[in-house]
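Inspection log for the structure reproduced underneath, given as C-alpha cells.
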Amino acid sequence: MSNLHKLDLNLLLTLNALLIERNVTRAAARLHLSQPSVSVQLGKLRAAFDDPLLLPGPRGMLPTARALALFAPLQAVLVQLEQVLQPEQAFDPATAEVRWNLAAADATEYAILLPMLPSLRAQAPLSRMAVFEAVPARMAHALENGQVDLGFLAQEEAPPGLRHRTLFSEHYVLAGRRDHPLLQAPPDLERFCALEFIVVSPNGGGFRSNVDTALETLGRTRKVVLSVPHFLIVPPLLAASDMVALLPSRLLKNALGDLRTWEPPVTLPDYEMAMVWHERMHLDPAHRWLRERIMAWNEKPA
C-alpha cells in the first residue's frame, strides 16, 4: 500500500488513455485536458514507474514492455474503481438476501416483532432475522461492533451517542387470573399490597422495581414472592395461581385469556419504547427500509 501514497490515482486514468491512444494529443482530448498537462502527467508516470512507458515512434508512441504488461491489470482496476464509485442501489426487499440482527426483550418481541412479522416476511421473503436478548448495559457495544443492527429498549435506558426513534408510550397494568378472589373489583391500595406479586428481573434475581419505590413514599410495601427473567412466562403463571404481576399493557392486549387487568392504585410513570441503532448503519438502504417498516407498523392504532 505504501506505493499508492506516492501516486496520484488520477494519473492512472492518464496512463490508460495514453496506452489506448498512443498519442499525447489524442489522449488529452479523451481526458478533456490540455496537451501540456498530459505531457506533465506522463513525466510523473515515468518517474513513478521508473520506466519510459511510451517512446516516440514513426506513427505515434510505442509502449514499452512494462507499459504493455500494465495495460490489462490497469483496465481491470479501473473497472473495479468505477463499480466502487457507483451510486448506491436502492434496496429491493422482494429480491434482497439480507440478514438483520435485532436485540429485544421478550415482551418487545411480542409487542413489536410478532404482529409485523407476517407482513415483513411477505415483503422481504429472502431476508433472515436473528433476535438476541436485549441487555441495556451491553447494547452500545453490540451495536458498535456489528453484533446487533437494531435494538429495542426503554427510552430512558438508551445509551448516549446512538441514533434512536420513539415507537410508542407504554404503561403497566395489574394482571391476575379472571376468577382471582381478590380481583373481582378494582383493588384499593390495601388490597394491592396484600397480593402476592411476580417481578420480572431481566438481570436475574431481583425482587424490587420502581413500584416498590413508589409504595415506600406512601409508607407501604408489597409482597414479592417470585422473580423471573422473562415476561412471557408470567401470564401462564398468573392463570394457574393467585399470584399477580404488573405487566406492559401491550403484552396482554391479545393474550388475556383467563386473565383480567386493572389499573394499579399507585401512580406509576409511563415509559417510551425506542429503537436504537449505530451511526454506521444510519444510511444503509436495507437498515433504513426495516426502520421505516417498524415505524409505519407502530404508527397504527394500538
**OP:** Stick to the Cα atoms of the stretch 177-302, pair each with every other, and give me the Kirkwood hydrodynamic radius in Å at one decimal.
**Re:** 17.0 Å
Original post:
Of PHE132, ALA96, PRO160, which is farthest along the charge dipole of the stretch 93-170 in the positive direction, counting Lys and Arg as +1 and Asp and Glu as -1 at C-beta?
Top reply: ALA96
Original post:
Once amide H atoms are placed 1.01 Å from N in the peptide plane, what residues at a sequence separation of 5 or more from SER227, or on another chain, have their amide H within under 5 Å of its amide H?
Top reply: VAL199
Subject >> Estimated inter-spin distance, GLU82 and ARG208, nm [label 7 Å along Cα→Cβ] >> reply: 6.8 nm
Original post:
Quick one: if you take sqrt(5λ) for each eigenvalue of the C-alpha gyration tensor of the chain, what semi-axes come out, biggest first, whole angstrom?
Top reply: 69, 18, 14
Subject >> the stretch 90-196: translational diffusion in µm²/s, Stokes-Einstein, Kirkwood Rh over Cα pairs, 4 °C, 1.567 mPa s >> reply: 76 µm²/s
Subject >> Estimated FRET transfer efficiency when R0 is 41 angstrom, pair PHE71-THR95 (beta carbons, to 0.05) >> reply: 0.65
Subject >> Charge dipole (debye, nearest 20) of the chain; +1 at Cβ of Lys and Arg, -1 at Cβ of Asp and Glu >> reply: 1200 debye
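Sort HIS180, HIS230 from largest to smallest accessible area, using a 1.4 Å probe on the heavy atoms of the protein chains.
Output order, biggest surface exposure first: HIS230, HIS180.
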**OP:** Please grab the % of Cα pairs in the stretch 40-146 that end up more than 24 Å from each other.
**Re:** 59 percent
Original post:
Leaving out ligands, DNA and RNA but keeping every protein chain, what accessible area does THR64 have, in Å² rounded to the nearest 10, with a 1.4 Å probe?
Top reply: 20 Å²
**OP:** With +1 on each Lys and Arg Cβ and -1 on each Asp and Glu Cβ, and nothing else charged, work out how big the dipole of the stretch 155-296 is about its Cα centre, in Debye to the nearest 20.
**Re:** 360 debye
**OP:** Would you calculate a helix-derived [θ] at 222 nm for the chain, using -39,500 (n - 2.57) for each DSSP H run of n ≥ 4 and dividing by the full residue count, to the nearest 500?
**Re:** -11000 deg cm²/dmol
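The values are calculated or read from the model by the stated rules, or taken from the named source; none is laboratory data. Just so we're clear, the structure is a prediction, and the values are computed from it rather than from any experiment. In this analysis, Cβ positions are derived from the backbone assuming ideal geometry, glycine residues included, and neighbour counts consider all displayed protein chains. The protein model used for the area step is the full one, side chains on, heavy atoms only, and it has no ligands, DNA or RNA in it. Shrake-Rupley method; radii C 1.70, N 1.55, O 1.52, S 1.80 Å.
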